[in-house]
Each structure stands twice: as structure tokens, then as C-alpha cells.
Amino acid sequence: SKPAKVVKDAVEAAAEKLTDAPATDVPGAPGSAPPPVEEPTAPHDPLPPKREQGAPQTRTPTGARTGAPTTASGQQGAYLTTANGARLRDTDHSLKAGPRGPVLLQDHHLREKITHFDHERIPERVVHARGAGAHGVFTSYGTAEALTMAGFLRKGRSTDVFVRFSTVLGSRGSADTVRDTRGFATKFYTDEGTFDLVANNIPVFFIQDAIKFPDIIHAGKPHPDREIPQAQSAHDTFWDFVSLHTEAQHHTMWNMSDRGIPRSYRTMEGFGVHTFRLVNEAAETVLVKFHWKPKLGVHSLTWEEAQLLGGVDPDFHRRDLYDAIESGAYPEWELGLQVFPDTPEETFGGIDLLDPTKIVPEELAPVQPVGLLTLNRTPTNFFAETEQVAFHVGHLPPGIDVTNDPLLQGRLFSYVDTQLTRLGGPNFPQIPINRPHAPVNDMLRDGFHQQAVHAGVAPYRPNSLDGGNPFPAGDDARAFVDVPVRVAEAPKVRANPVSFDDHYSQVRLFWLSMSPVEKEHIIRAYTFELGKCYHQAIRERQLRCLANIDPVLCAQVATGLGLPAPEPTVPLADVTPSPALSQVGREWPTDGRTVGIVVDPDGDLDDLDEVRQAVFAAGMVPLLIAPHGGMVADLPVQRTFATARSVEFDALLLAGAPAPAPDALPARDAKAGSADRSAVDPRVLLLVEECWRHAKAIGGWGAGGGVLRQFGATGTPGVVTGGSGAEVFDGVRSLMTAHRVWERFPASVA
Ligand code: HDD
């Protein structure tokens, strides 16, 4: 999607940066160590800002541009100062009554330093605590112009955005690759007010009414007594909840599917879940669902990879997003709309559009692309931007309005309310990352952390003292439109519409839309998660739910648990599968994917540079894996056998058959006299074994091809040997367009 040369240069520069520094410390490593770094001894100019980056303070609290790309905050000058700007002579010793005496209360610098430190942390988000963010731009195609007056959807308009991806259940320090829903929240800084699309990577939700949100989250979060398990749904309280609340079965099956363990934030879809209402200049309305479609396709990890990554690289998704952007492989998504007529029933094809546990299959209502999102800038400061960003489903520009979905209605309250505690008061919209890019002229005053110096004496309406300002805007001034939807005359009740009672038909639709390998993953996920529950009653109750979804699924999970499969208690729904729900069976671009290349410094290295260049030219990142750090054949080594794990590569190439390095543990079968296997470093064999098990493309040439033969991998699907290095890579590259070699993964159901 980008000129190969630009990507290649950027990827190459970033790949150099990824070189494993500690690897050069391997005892006896023959790699050339870099010269010692000179310690700084005198004041010098501050480091330049990161490429293309200004701090976010380019807007005043009222949204006007400051004109300054950065402000003087944090490590900007040569001399250390107090928070009030007085230069300091010493920050390493407290002020004491003599070198051995007590510390003096008058030490204002000590107190300032410690006090500020004591208050550095703020409460983590009550859900979606762990996340990663990026800046970018949204460019509109103009295809929604007829549907909405929203200016940022006019043809050719570009709008700054900030996106925060997240997991839901884990704490701020938990692992990225756990089985969970992912958040996909986008702040569009439109010039008519900020629009927050607070979406997930799953198009349905566990509950139908926001009043149940504390219940589902209490059930999903760690148990209150021991605070375990962290960032998991594989425990009794979660399954107790979802088996008792059958409306949760649809979302739960998405979580048990590959969608629950994405390969990358870059390879996730996003869904606004609820139905929204668009209104155009002529006051005509339509109902819509928002979709994000990743240009790289929707791809996932395997469950074993996800688990390994929890230990090997808990920051896998955060690192992947950052590395991709820094290397110029900018992630892209198309924003799309499913459009429905705004009828009094608010249904489409018999599906209740106000029920957040239902999708509308794309085959019934195609997703129409309306613009392109490109993430092209990593944050300058995690806390200031990613942690302090505050999304709110009620941040809407003119042209987009809400519907009566009871889940959305409750969210409209929760997202402001939660920031009052998390960000310490009502002025969080003035925090730089939250500042609108539209001029602000409100009458909100004072409060904790007020940044604005409001002029004028009459923050009330109407007034005669501030010249009557501010005036309400009318239609001619593009004011926000509350669509005058008719409210049914009905008694006040605590009840759901009857249509909300169908809890199984769409779960069955999802199940039947999966390919055999995806079904296999779902069976294994249910079996794993229920296998981690202690209470038999909960497992049995969940099996009864599965029986109402599909007897084959139920029987397989029951077998895994060693329990009888119950009979359905409701008739199985007669549904038409939706092929769009499957992730398998198409071809995708491979930009920004990672290819590990095992090299033997003592072997034949002739093809190495050519293959490495071919990987760059394909827009991917080659990482050389060698017994030691430093250089091999004048090329930088990025991973050593000690630091490499198969889980960070999308494909593996073997350019040689390195003998066991001195720091290798003996091969598992070395004692059994397998001379061939013990001749290769066992960590290389582990790389091959794991890549093979995880259905990744593998290739080898020369002695590397020999390793694959010894391993018994040649002739199995997705293993390329024979020919030059470039030919082998070519074969591997084309396998990678399908993401995995799923033929290698066993599937027990058709
Ligand atoms: Fe929520 C955060 C997405 C239902 C209450 N939610 C939050 C975030 C995402 C979502 C992506 C993280 C935002 C960020 O990165 O800062 N939430 C959803 C979706 C939902 C949903 C797609 C259903 C369709 N949420 C939901 C309900 C409630 C909340 C029903 C409460 C009644 N959500 C919150 C919250 C959070 C939040 C407590 C925590 C931190 C924050 O808002 O800013 O207000």
C-alpha cells in the first residue's frame, strides 16, 4: 500500500534499532561490540523532539491554536529546576544537620520531589485499564455526505485522530495477549466538536441494559477474595454470570473464537456495536452501525502463542503497534457504515436494531466505506496522552445522534462520571490530549485543575453585561441536532422489549459461519475455560447453553470436560450463515509482518543479504537470529538464540544449521543418540517446532533446508525447501498472504 522503497528505508532504520543490545554481552561472543558511550559531564542542548512530533499542547483550553509546537514542560533545558523554575545545585542529597545528622524539615526541594512522586499515579480505568494509543489522520471519501451533515465526513476532509486500543478485564500492568474483548476507541478532533467512536473489536455486547454493567464486570474481574485470576475469563464467576445470563452467550462465543486473541491491534476490526442515527441538512435521518475494517485483514494468534506471549512478551501488542508506526508501516482501517431506514420499529430484516446483542449480517446490509484512518504517529508521553485521554459516547458532532439502545443510554452517563474520579474533576476536557480542535465557548466555570482564564463577567444566559454573548447557534450556524424522535406513549416500566428475549439464534449463526479450523479453536477455548472452573454446576449450566446453540459444539466440549452432553431445551434456530464473519479463506497484504531468519555464522551466507532485501522489499521486517549479537556477514543481528522466541515471528526462514552454542542446554533427544538433531542448536529446533505447531510458513535453503528435513517437516503443508534463498522466501511470502497454513492445524469438526 506504500511505495516499497519508503517502507524499506524506514523498516531498515527501525530494524537496526531493534538490535538486541544485551546480546553483545554473551560471554565469548565474537560479535563486534560498539565503542563505549561517552558519559555526559556538562550541560548540553536537550534532545530534539521525536520525528514529526510536537507535544499535544498545540491548543489552548478553549481549542484555539497556540502556535507553539511544544511547550516548556519536562527535560527541555540544560539546568535542573524546581517546579517553580529555580535552578537547583543538588538533587541527590537531602539537607541535613551535618553529614550524619537528621534531615531538616525546611528541605523544600526534598518535600516537593517526594510529594510529587507520592501522587504520580492516578486510578486506572475501572475497565479497559491496559491500553496503547497512537495519533493519526482520518480522510473522508465523501460517500456519507448525503446521509449526515457531519462536516468531517465531507469529501476530502482530513481530521486529526487519537486512537486507544485496550483489553477490558486486566489491570494496567497485565498482559496484552490474554483472551478478552479489545477496545478500539477513536477521538476525531473535528472542527465542529470532538466525535468519540468508543468501539470494541466484537460487534455485540454481553448485556442489553447498562444497569447490568457493574454485574458483568464484577463477574469478569478477579475474585474479590484473592484478586485472581488477572485478565482472564477462565474462572467461575465469569462463567457463572454468562451461563445465568443467556443474552451473554453471543458475545461470549466471539470471545472464545479467534477474535478473543488478535494477532495485532493492526489486524482487528472495530465495531460501534450500537445503532446510531445520522441526520443531514434536510433533517432526513437514517440508522447506522459503524465498522472499522483493517487493511491488513482480521488475523489472530493461536491460543498457545497467546499464552507463551503472556510470559515472553506481555507488551506484544503495544510493541507491535509502536514498531509498525515507527518503521513506516502505518496501520490503516476503512470506516464503514451499515445503513438502515429509520422506521418507527427500528428493525432491519427482523433484527431489532436497539438490541446490542445482535448483529446485522453484512450479506444483508453491506458495509459501505466512508473514509480511511491512518495511524502515523506514536505518543510522545504515555501518561499525558494514552493514560489521560478520556472518551465519551456523548462526544458527538452535529449530524450524529444516539438511539434508545438501553446500553448506549447508560453509557452516556458513565463516561463523564468515571473521569471525575480518574482525572480528578470536571475540567478533564482541558487536558491537552482531550482538548477539542473546535473553538470552545462554554459557560462551565472553575472547578479543580481549571486551566482557562475566563474573561467576562456573565457566564449565564441571557445576559446583558457580556454583550449578550454567547448566543445559541441555529441551523444556519450548524448547531448540534437532537433529532426530534417521537417517544412512544407508554407506562414507565423496568422491562425489555420481547425481541430482546432471543438469545440463541445469532450465536448459532456465528458458529455455523466459522470454518472447520475456527470451530476447532472455539471448542478448545470453551473446553479450556470451563476446565479452569471449579464448580461442576457452572460447567453443566454452560453445557446446557451450548446445547441450545449447537449439539456438535456441545458434545465436543462435554467430551473434553468428561461430562454428558445435555439435550437442547429450545428448538435450534434455523439461520443462514454469514461468510463475512469468518477470518479464513482470503488473501491479505503482509505489510509490517515479521520474518525471523536463523543464520549460522560458520555456514554458507551467500544468499543472506539478498533474502533480507527481498523481505524489506515485500514491506516486511526481517530479523536475523544468530548464536550471538553484533554482526554476521556485515549484517546486524537483531535476536540471539537466547532472546528469540517463535511467537514474535509471522514466518521463519532457516539460512543455515547452527551447531549448539556454548550457552545451549543439551537437546532433548541428544542422549538417545540422535546425532542429526543434537548437531543443531536445540533452540533453533524449538523455533521450528513452535512455528510448525502454530501453523506458520517455514522455509529453508542450503543447510537450513537440511534442518527441516531432519525435523521431518519437509513435505508437510507450508514448509518450503529447495531452490535459492530468494525462491524459498517467495514461496513463504505467498503462504503468508493467507496468514497461516491452517491445513496443518487439526480440525475435528466439518
Ligand atoms: Fe465502556 C471504557 C467500549 C459498554 C462504562 N468502554 C471503555 C473503553 C472502550 C469501551 C473501548 C476504553 C476507552 C479508553 O480507551 O479510554 N464499553 C465499550 C463498548 C461497550 C461498552 C463497545 C458496549 C457496546 N461501558 C459500557 C457500559 C458502561 C461502560 C454499558 C457503563 C454502564 N466504559 C465504561 C467506563 C469506561 C469505559 C467505566 C472506563 C474508563 C472510561 O470509561 O473512560 O465509563
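For Lys155, the aspartates and glutamates whose Cα falls under 12 Å of its own Cα, not counting residues fewer than eight places away in the same chain, are Glu145. Taken about its Cα centre, the chain carries a charge dipole of roughly 1020 debye when the Cβ of each Lys and Arg holds +1 and the Cβ of each Asp and Glu holds -1. Its alpha carbons give the chain an Rg and a Dmax of 28.5, 96 Å. Among Phe117, Phe500, the ranking by other beta carbons within 10 Å of each residue's beta carbon, starting with the fewest, stands as Phe117, Phe500. Considering only alpha-carbon pairs that sit under 8 angstrom and 6 or more positions apart, the relative contact order computed for region 504-581 is 44 percent. Convex hull volume of the Cα atoms of region 594-744, normalised per residue: 98 Å³.
From most to least packed by mean Cβ count within 10 Å, the peptides 322-330, 478-486 give 322-330, 478-486.
With the highest mean first, a sort of the peptides 351-359, 95-103 on other beta-carbon atoms found within 10 angstrom per residue produces 351-359, 95-103. Using the average count of surrounding beta-carbon atoms within 10 Å as a protection proxy, the listed peptides 425-431, 454-460, 590-596 rank, highest first, as 590-596, 425-431, 454-460. As a rough footprinting exposure proxy, the listed residues Arg524, Arg164, Arg172 were ranked by other beta carbons within 10 Å of their own, and the order from fewest upward is Arg172, Arg524, Arg164. Using only alpha-carbon positions in region 123-261, the gyration tensor eigenvalues give semi-axes of 33, 17, 13 Å once each is multiplied by 5 and square-rooted (largest first).
Shape index of region 392-443: Rg/Rh, with Rg the Cα radius of gyration and Rh the Kirkwood radius from the inverse mean 1/r over Cα pairs, equals 0.99. The relative contact order of region 600-750, computed from alpha carbon pairs under 8 Å that lie at least 6 residues apart in sequence, is 23 percent. Going from the residue with the fewest nearby Cβ atoms within 10 Å to the one with the most, Thr115, Thr285, Thr148 rank Thr115, Thr285, Thr148.
Rounded, prolate or oblate: pick one for region 504-581, where a ≥ b ≥ c are the square roots of the eigenvalues of its C-alpha gyration tensor, a/c under 1.5 means rounded, and failing that, prolate if a/b is larger than b/c, else oblate. Judged from the Cα gyration tensor, region 504-581 comes out oblate (a/c at least 1.5, b/c at or above a/b).
All of the numbers you see were taken from the coordinates with simple rules; none came from a lab. Please read these numbers as outputs of a predicted model, since none were measured by experiment. All Cβ positions, even for glycine, are placed from backbone atoms using ideal geometry, and neighbour counts span all protein chains on display.
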